[in-house]
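Just so you know, all these numbers are worked out from the coordinates, no wet-lab data involved. Since the model is a prediction, treat every value here as computed from it, not as a measurement. We place every Cβ from the backbone using ideal geometry, glycine too, and count neighbours over all the protein chains shown.
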Amino acid sequence: KAAMGWESAWAGVTKTVDGTPEQLQEVEDGLRGLTAVMPAAHAEIAGVAEAAGQLGIKTDSVVAFTKTMIDLGETTNLSANDAATSLARFTNIMGTSQDKVSNLGSALVDLGNNYATTEHEIMEMAMRLSGAGKQIGMSEGEVLGLSAALSSVGIEAEAGGSAMSKVMIDIASSVDKGGDRLQQFAAIS
């Protein structure tokens, strides 16, 4: 029964992860190896890997990405699938190299541990701020840090993220143009 369960779960992975037979064998071996060291079932691990493929994670990064997402699912208030979806989209928006996902996971956990907010709230806010953050040249760490600060004072992602994005773009535009508007922002700051 366990073998049949794995084959079914693995079929989902092969639908979304592209690669040569050798690459796919490496992915399968890597995912099966995770079951020996991670507190997650085969089906959950394969489900996260399947989501990784759907979200555009490269074949050679699927196992490491899956491990990081399972870790986040076990140590934060994010589920592994929610973490996978949020972080994959965040890295796509920000242009982050896929081999840096574990760094983002570590930063997210550290912020959640040291601010009056949760990893879920930080990621919600980061998703709202990432487009504007990328547009004005912020790094991934700066977006996550600002997201932690905003969510820790009770600003909700839906309204606050949109408003902050508008302000960030407005400030960047004023910096580019100079003039009275920039002077007003400087005085307020």
*Positive minus negative residues near VAL109 (Lys, Arg vs Asp, Glu; Cβ under 9 Å)*: -3
_Run the reach check for LYS166 against lysines, Cα to Cα strictly under 24 Å, same-chain hits fewer than 8 apart removed. What comes back?_
LYS134, LYS177
*Taking the Cα centre of the chain as origin and charging only Cβ (+1 Lys, Arg; -1 Asp, Glu), how large is the dipole, in debye to the nearest 20?*
380
*What span do the alpha-carbon atoms of segment 15-135 cover on each of the three principal axes, reported in whole Å from largest to smallest?*
43, 32, 19
_Between ALA49, ALA157, ALA41, where does the largest GNM mean-square fluctuation fall for the chain, given springs only between Cα atoms within less than 10 Å?_
ALA41
*asked:* At 0.36 nm per residue, and after removing the present C-alpha to C-alpha distance, how many nm does the segment from ASN77 to ASN103 gain when stretched out fully?
replied: 7.6 nm
_Show me the three semi-axes of the equivalent ellipsoid for segment 76-165, from the C-alpha gyration tensor (sqrt of 5 times each eigenvalue), largest first, rounded to whole Å._
17, 16, 11
*With a 10 Å radius around each residue's Cβ, average the other Cβ atoms per peptide and rank 54-64, 69-79, 92-102, highest first.*
69-79, 54-64, 92-102
*Order these peptides, 162-173, 177-188, 116-127, by their mean beta-carbon neighbour count within 10 angstrom, highest first.*
116-127, 162-173, 177-188
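Between GLU156 and VAL37, what's the calculated FRET efficiency when r is the beta-carbon distance and R0 is 25 Å? Round to 0.05.
On the way: r = 37 Å, r/R0 = 1.48.
After rounding to 0.05, the efficiency reads 0.10.
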